[in-house]
1. Taking only protein heavy atoms and a 1.4 Å probe, what accessible area per residue, in Å², does region B:62-176 have with all protein chains in place?
2. Determine the dipole magnitude for region B:95-248: charges of +1 sit on the beta-carbon of Lys and Arg, -1 on that of Asp and Glu, nothing else is charged, the reference point is the Cα centre, and the result goes in debye to the nearest 20.
3. Rounded to the nearest 5, what is the percent of antiparallel bridges among the DSSP beta bridges in region B:3-110?
4. Provide the percentage of antiparallel DSSP beta bridges, counting only those with both residues in the protein assembly as shown; round to the nearest 5.
5. Under 12 Å Cα-Cα from B:Lys231, which aspartates and glutamates qualify once same-chain neighbours fewer than 8 residues away are excluded?
6. Hey, can you list the residues from region A:93-109 whose accessible area shrinks by 30 Å² or more with all protein chains present, relative to the chain by itself (probe 1.4 Å, no ligands or nucleic acids)?
7. Of B:Pro77, B:Pro225, B:Pro101, which is the most mobile in a GNM of chain B whose springs link Cα atoms less than 10 angstrom apart?
8. Could you work out the relative contact order of chain B? I mean the mean sequence separation of Cα pairs under 8 Å and 6+ apart, divided by the number of residues, in percent.
Amino acid sequence: MNTSELDQITSIPTPVNVSVASVSKKVLMAVTGAILLSFISVHLLGNLQIFIGQGQLNNYAETLQSLKGLKWTVRIVTIIAVIIHIWTGVLLWFENKKARPISYYKHDTIQASLSSRTMIYTGLLIFFFVIYHLLQFTLIVTNPQYANLRDALGRHDVYSMVILGFSNYFISGAYIIAVLMLAFHISHAISSFFQTLGWNNDKVLPKLKLLANIVAILFFIGYASIPVSVLLHIVKLPVGGY
Amino acid sequence: MNLTLYVWRQKNAQDKGRMEKYDAKNITSHMSFLEMLDVVNEDLIHQNIEPIAFDHDCREGICGTCSLMINGIPHGPQRATTVCQLHMRYFKDGDTIYIEPWRSRAFPIVRDLIVDRSAFDRIMQAGGFISVNTGGVPDANSIPISKKDADTAMDAAACIGCGACVAACPNASAMLFIAAKVSHFASLPQGQIERKERVKKMIAHMDKEGFGNCTNYYECEAACPKEISVKFIAKMNREYFKASLTGR
Ligand code: FES
């Protein structure tokens, strides 16, 4: 059989044309996810400074605001990563639905984790929460009075803004639920990242899963500790008001 | 024992199909699952009902032809077992069993429980081969292969191409199948010549056939009757990046 005959067999017309290879889409997902994970790690370290005190947090916030170049680079990279991450995720979800047009009458799961099966849902919930979060603390749209908070040194009083915000049970509750979703999302994401990039084998996999769960729990504790501490009055408004 | 079966019946590719209820009477625990279906079919023939069409060939667990979704799990409840090797002792009197075909856009239904898996053949034709000169059988051990490589290749080569990975995957992805084939060839000296081309072509063809994308559920590994590990998917991804970055 000559090559052209072989080509004919191998080029039997098939139902769809996919432009980005499946493996490349996974890589896009993994790499943008890693960028977002780095962002939320730095963000967490920043937030935790609330436990050091008002001066520290407000100073940190002011420093960040003054580094305009860095601030906008990080913002733009993060926004691009968010767009690619969500776009790829939603695209994969639709493609994967299409790959099984008729579902099973009865379908059982043998070992897929709950977090792996809920990525699209936890992901979208996190996205909607982030929009609210930005409106609340970054753009200060939901509570415009926060914009005028000033500390003794005349800096924007981020410290009091956070405490005032989290004193509301609904805001704290929504925040804790959102970081729980985030922890769930991360627990599948981290081991998935290594698998997708090929840095995995059967000896490493169980360790990666354990690592992913530990990191997810640390993120949850770290982020949730702030509203919880505010509600329990461990972190308090500065004496003498703000 | 007596069982109640719900079986997917579909006349041909165009038919809409539906679940039908049948009774499986006087089944012994020593029968294989397929023998149980044989008994049911005999019964159906006596009642002038068209027997249930299902795929099978070796009935020894080595050919990969049998393919039934049993109570939502490919090849049924016993791990590392093809449905032809599954025995009725895994069920008890009075059980209700749902039997369905593999569900994937890339595996169209031919009839009842039989699906067309030639998408796998076309993926193999796209790159799942090695080029060798024809002629006499080569001498054994003429090409030295390390124990480690031989083991890896053998683990991957255990794949019988049944398609349970696709059936189990919530995304109907075929990555475990392709990963097994790519890893098998990439681990052996004979597979080196087409190594880079192969992985790219097989993945490109897999996408064309309309399989879903892997999102690391690892259901494939759990459902695989030959226990092919998902580590091979990681290996395939490595092979793919190396091939894409270093060209042909
Ligand atoms: S019939 Fe051959 S593997 Fe089941």
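The values are calculated or read from the model by the stated rules, or taken from the named source; none is laboratory data. From a predicted model like this one, the values you see are computed outputs, not experimental measurements. When we count neighbours, we look across all protein chains shown, and the Cβ atoms used for this are built from the backbone with ideal geometry, even at glycine. Note: areas computed on protein heavy atoms with side chains; ligands, DNA, RNA excluded. Shrake-Rupley method; radii C 1.70, N 1.55, O 1.52, S 1.80 Å.
1. Details: 4970 Å² over 115 residues.
On a per-residue basis, 43 Å².
2. Rounded to the nearest 20 debye, it is 660 debye.
3. On the way: 12 of 16 bridges.
Close to 75 percent.
4. 75 percent
5. Reachable aspartates and glutamates: A:Asp202, B:Asp155, B:Glu221.
6. Hits at the 30 Å² cut-off: A:Asn96, A:Lys98, A:Ala99, A:Arg100, A:Ile102, A:Tyr104, A:Tyr105, A:Lys106, A:His107, A:Asp108.
7. Top of the fluctuation ranking is B:Pro77.
8. Over chain B, the number comes to 19 percent.
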